[in-house]
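One structure is given here, and the rest of the page talks about it.
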Amino acid sequence: MSTNDARIDALLEAINKDIAEREEIAASAMLTLEQMNTSPKDYKDACHQFGANLFVAGYLRHIKDVVETRDIKSAENIIRFHAYHQETKGAMDDGCDVSLGQAAVTVILKKYVDEFFEC
C-alpha cells in the first residue's frame, strides 16, 4: 500500500468517526425533541443541536465523497478550500443558528489539514 493510500484510508477513518459522532449527537437531540414535557428552553437547545450537528455531518459527507475518489491532491484541495472559506467567509459569530455548525466544520477541517497534509 502506498503512502497516499494509507493517508487516504486514515483520513476516511477520521471523517467517518466525525460523521458518526455528529449523527449520534443529532440523534440524542431528536430524543429530546420527542419528549412529551420538554421545556421550551430544552426544546430550543435540542433544535440547535440537531440542526448544527446535521449541518456538520452533511458537510463532512460531501468532503468524504471527494476523498473517496482516492485522489490525494483533490482531497487536500477540497479540505483546504472549505477550511479557508469557512474561516474567512463564514459568519461563525453572527448569532445565527448555522454559525455553530460553521465553527465546528472549520475546526474539524483545520484538524484534517494539520494531521494529514502538513508535513
>> Quick check on region 1-45: of everything there that is farther than 20 Å from Glu68 by Cα, modelled with pLDDT of 95 or more and among the aliphatic types (A, V, I, L, M), which residue is surrounded by the fewest Cβ atoms within 10 Å (Cβ to Cβ)?
In response: Leu31
> Taking into account only those residues within region 48-89 that are small (Gly, Ala, Ser) and closer than 20 Å to Phe117 by Cβ, which is most open to solvent (accessible area, probe 1.4 Å)?
Replying inline: Ser74
> Could we say that Glu118 is more than 15 Å from the chain's Cα centre (by Cα), surrounded by fewer than 14 Cβ atoms within 10 Å (Cβ to Cβ) and within 17 Å of Ala6 (Cα to Cα) here?
Replying inline: yes
> Taking the stated definitions as given, is Ala104 surrounded by 19 or more Cβ atoms within 10 Å (Cβ to Cβ), modelled with pLDDT of 95 or more, part of a helix (DSSP H, G or I) and out of contact with any Gly (no Cβ under 8 Å at 6 or more places or on another chain)?
Replying inline: no
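The values are calculated or read from the model by the stated rules, or taken from the named source; none is laboratory data. For clarity, every value in this text was computed on a predicted model and none was experimentally measured. In this analysis, Cβ positions are derived from the backbone assuming ideal geometry, glycine residues included, and neighbour counts consider all displayed protein chains. For accessibility, only protein heavy atoms count, side chains too; no ligands or nucleic acids. Shrake-Rupley method; radii C 1.70, N 1.55, O 1.52, S 1.80 Å.
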